[in-house]
1. If you wrap the range A:195-266's Cα atoms in a convex hull and average its projection over all directions, what's the area in nm²?
2. In whole angstrom, note down how far apart the Cα centers of the range A:344-418 and the range A:204-257 are.
3. Taking every residue in A:423-434, how many Cβ atoms of other protein chains lie within 10 Å of its Cβ, on average?
4. Specify the inter-centroid distance of the range A:16-40 and the range A:153-171, based on alpha-carbon positions, in whole Å.
5. Taking every residue in B:55-62, how many Cβ atoms of other protein chains lie within 10 Å of its Cβ, on average?
6. Based on the alpha-carbon set only, what is the convex hull volume of the range A:544-651 divided per residue, in Å³?
7. Excluding residue B:47 itself, what net charge comes from residues whose Cβ is under 11 Å from its Cβ, given Lys and Arg +1 and Asp and Glu -1?
8. How long are the three semi-axes of the equivalent ellipsoid for the range A:87-167, computed from the Cα gyration tensor as the root of 5 times each eigenvalue, in whole Å, largest first?
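The numbers here are math on the coordinates, done by the rules we state, and not lab data. This is a predicted model, so every value here is computed, not measured. Methodologically, a virtual Cβ is constructed for each residue, glycine included, from the backbone with ideal geometry; neighbour enumeration extends over all protein chains shown.
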Amino acid sequence: MLYDLGYFALLISFVLAIYAASAAVFGAQSKRTQYIESARNAALIVFPLLTLAVLIVVYGLVTLDFNQAYVADVSSRAMSPFLRVTALWGGQQGSLLFWSWLMSAFASAVMIRKWQRDRELMPYVIFVTMGTLAFFVGLSLFITNPFARLWHDPSTGAIITAVFQPNGAMAFVPKDGEGLNPLLRHFGMIGHPPTTYIGFTGFVIPYAFAIAALITGKAGDDEWIRTTRRWTLVAWLFLSIGLILGGRWAYDVLGWGGYWGWDPVENAMLMPWLTGTAFLHSVMIHEKRGMLKVWNIVLIILTYSLAVFGTFITRTGVIGSVHAFSKSAMGPSFLIFVAVTFLGSLLLLFKQLKTLKAEHELDSLLSRESLFVLQNLLFLGIAFAVFWGTTFPMISELVTGTKITVGPPFFKKVTGPLFAALVLLMGVAPLFAWRKQAAAKLGKSLLIPFIGSVVITVAAAFVHWPRHPYSFALVGLWLVSFAALATLLEFWRGARARMHSQGENFLVAIGHLFSRNRRRYGGYIIHLGVVMMALGVVGDEFFKAETQGTIGVGQSLAVENYTLTFEDVRAYPGSDGREIVEATAKLYRDGEYIMTLKPRRDYFVVQQQPVTVPAVYSTPGEDVYVLLVGWEDISWSASTFKIYVNPLINWVWAGGVTFIIGTLIAAWTSLDDKRAASYVLRPEAPQASPAS
Amino acid sequence: MARKLVLSLLAITASFFAVAVVYAQQRYPTDDDVNRVAKQLYCPVCPNTPLDVCETKACQDWRAQIKDQLAAGWTDDQVIQYFVEQYGERVLAEPRRSGFTSFVWLLPVVSIVIGLVVVAQVLRGWKTKRAAPVVPAKPAPAADIPPDVLERLEEELRKVS
């Protein structure tokens, strides 16, 4: 009964989405506002309907109604209520419904907030969002229905999965469900998947506005960019959070001592982030200089298409991956949808090229515009390399018949230099003026960061060189310190100008800098976060140490200046249907006792899957990450450990937090917005201070 | 007699050294040696998990095999070559830079180079357009802000920074 209700909620959403998309276009073309109003009302009802469907699925998961095929698949008696709720996005049917639900939430929010302001664009925004939604709800409805139930056919003895009762079949209720994949039974389940999905779906808003602007011939002015600026930032923020949490989760559960494995699904998530980042930067050129209009549209089309492509890779298991939890029949329809989205949008752009006339002019090649364009090239270059490396195994199989592996070494070698160039640009670009930058002045402002970073690098070389003679590491360190100093100096310059002109003290001046120009200084905070993460990456890439060995009771294993002494190992049954083997070992640094570590191996009996749980000693400087790799299971007198020493890894996480704070500052709706607007328009704005 | 004894003692001592020398040449491979090789390999059944961290039974067997091969005096490259011959190129973590797989390396580099050339051309085009004595190009009107106000705003922003 309840599931029938959920099913009909889905069905009605599907019909309404199609109606809304059609009515909106019809109303706009024939200038009949009542159709547009009607389309909007239809679109607004989709969100509560999908909310109802989501709640019914969650209800089934929590109450363990194993008659429902999806519940039997991803929920189980052993799972905590928390995990049962998160199982909503733990399998294919649920996560697709969740996708649709998020998208309808974004669509409703933008319709409510922006209805009055962007009346001309709105019908086509409804068309794009509801058209997309119809596709996803259609997938849920016709291919992977979350409300399908299990039926037992007494004549053949077969168990059938179907929404409605097949002839002569009886409802079938298994005693227990399969439960979530063991890797997903983790606190991180509440963070990484939903934030990633919000990021993916959120990009539909700027995309829809861009398409609407193209159709109405208004893409030439920057209304669509200004309307969606904050929405883009929010989508980008969630995608960034998803990436960072995903890295942290991998570090905690995948048991290989790292945070990024260049897995196809990780790459699928990175690609829209890269193009989205390029978009966020290059819209500034459109806004400030009226340039790169076509390019920006290409970027948002690319970003959104890659987001859908990412969902396609994650959800169809077309490329083998740690994330490919299920394979399904929806691959072809998905691929067609991605192709139609991408090619259709480009075609539309081509048709409307004449509405996008821009006056491109440049006083000097030495200008901020040039650096923006270069930065765009680098982001796109990285995105392309990642795309190419991710899809190459398939291409190779098609062309030569042999599948090959494109592993982390490829991605590191190809994207490493490009990322390094980006860090350099990040330090330099904010110092450049629009139109033309005087070389002498530039040299002056770069002098301090340059000297400072060289001093830091030379000092580091003296301290570390004997131990780690890596010249690339020093280049990385120089880049990181240079970009950090250049960015920090921007804060200092801004603050000093205010201190001189307004007589404020340093802290007040910094506070005013932020409130006067959140976007700019939030951006710098983001840059600082990136620099911190880059430092962590340099440490992880060049200074990581590892060792593995089997040791008996009282024996030790040494790596760098750490020693691990084995005490004992034992097995005991754990919660959640797992058998736990846990070793106890003492960690010493330079012979001095630090702490007792208990690395584990959890074996999930039903799924026959082991999960390695590391024991970590964490400090700001480095992590000692200990894995239990094997053990002597008759006498329990010896164990095999793997120890990683991961220097500077916590800078990755700290940088991630800084990054998020910066984005929040840049995106925050502030009371100052109105004041800022009047400040811009005031005819005789007082001349700002002298100084630099 | 005594001489014989000394000789045989010497021989025995020498044989100890010989063992020691052999051991130094072919010291029994440690787990770290195995992992050094395994890092460069992927087994065909566990997608996207390098051999040195994979926990499946098949991968454990592979690592044991690598250990035996290293113990038998094989070099790292010989071991890797063996697995490539047995299971195909897909076991390599890093695609080879020869044959068809060289495309995976070439294309990103080529695309960046082409991109740089295009960017340089475009930027130069923008600059010469400016230099040409046509009607002074107006900056595209951003919203309703008159260009001169925008200009001044830019100037101020520059000064604040």
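1. Working: hull surface 22.2 nm².
Quarter of the Cα hull surface area: 5.5 nm².
2. Centre-to-centre distance over Cα atoms comes out at 17 Å.
3. So the per-residue partner count for this stretch is 1.
4. 42
5. 2
6. Values: hull volume 11.4 nm³, N = 108.
Roughly 106 Å³ of hull volume per residue.
7. Values: positive: A:403, B:90; negative: A:263.
Net charge around residue B:47: +1.
8. 38, 12, 8
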